[in-house]
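Undergrad: Following this message is one structure expressed as structure tokens.
A short reminder: the numbers here are calculations on the coordinates, not readings from a lab. Please read all numbers here as calculations on a predicted model, not as lab measurements. Reconstructed Cβ throughout: ideal geometry from the backbone, glycine too, with neighbour counts over all protein chains shown.
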Amino acid sequence: MGVRGVIKVLLIDEHLVVRAGVRRLLEGEKGIRVVAESGTLLEGVRDCSAHRPHVVIMDVAEPSGEGLEAAGRVRDAHPEAGVIVLTMHDNSVLPFRALQQGARGFLTKACKPDELVRAVRSVAAGEIYLEPRVAQALALRPFTPDAEPPEALTTREMEVFCMLADGHSVKEIAAALCLSPKTVGACRTRIMKALDADNVAELAHIAIRHGLVRV
């Protein structure tokens, strides 16, 4: 990509306080300007068209519930913008899938402020940037037994799988992902069949083995 001049950044995150913090951090840096903030993916795609940002920083847990597929939608709509995923979650599956969806950067919200600035500059320069500890976890995956995520699961099923394994109820997952409990229940059934699990406890063991949830 190789941006010349000021790097224009768009923020997509449902939490106003997160957007305010990231804006304050980036606008304190020379050569970086936040051109717009969006609370949803739909707003973000619209704002990309209006402001033509060089870099889009987005949370994959935005209100539409589309998860990592949202990064792919932004990339497809505006391939000239480099997408950085900034999320609470830090297992090695998410960056793996984010890169598959076309993201150019991946950081957790626990990263150091200067890490986010470096990521913006790197992605604007056409490079890929991963938070160091995320990059290490991702690099070690091929050498870890049972490291690859269950390929039979879709992105949505992976989200539900991780939340089930982390102890969330069907009702809680439905509310978090903007789905009906019936839809989540059907998704749970497909996941258990795909992973040959008889109950949620077995799902939790599978998730722990793959490093998807913390013990």
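Undergrad: At a threshold of 8 angstrom on Cα-Cα distance, excluding pairs fewer than six apart, so keeping six or more, what relative contact order does segment 7-141 reach in percent?
TA: On the way: 242 pairs, mean separation 28.7, N = 135.
Answer for segment 7-141 is 21 percent.
Undergrad: What number comes out for the charge environment of Met192, summing +1 per Lys or Arg and -1 per Asp or Glu over other residues with Cβ under 11 Å away?
TA: Numbers: positive: Arg188, Arg190, Lys193; negative: Glu157, Asp196, Asp198, Glu202.
Here the charged neighbours net out to -1.
Undergrad: If the cut-off is 20 Å between C-alpha atoms, which lysines fall inside it for Lys8, apart from same-chain ones fewer than 8 positions away?
TA: Lys30
Undergrad: While we're here: Which of Glu159, Glu27 comes first, and how do the rest follow, when ranked by fewest Cβ neighbours within 10 Å? Kindly include the intermediate steps, with their values, before the conclusion.
TA: Values: Glu159 26, Glu27 11.
Arranged by neighbour count, lowest to highest, Glu159, Glu27 become Glu27, Glu159.
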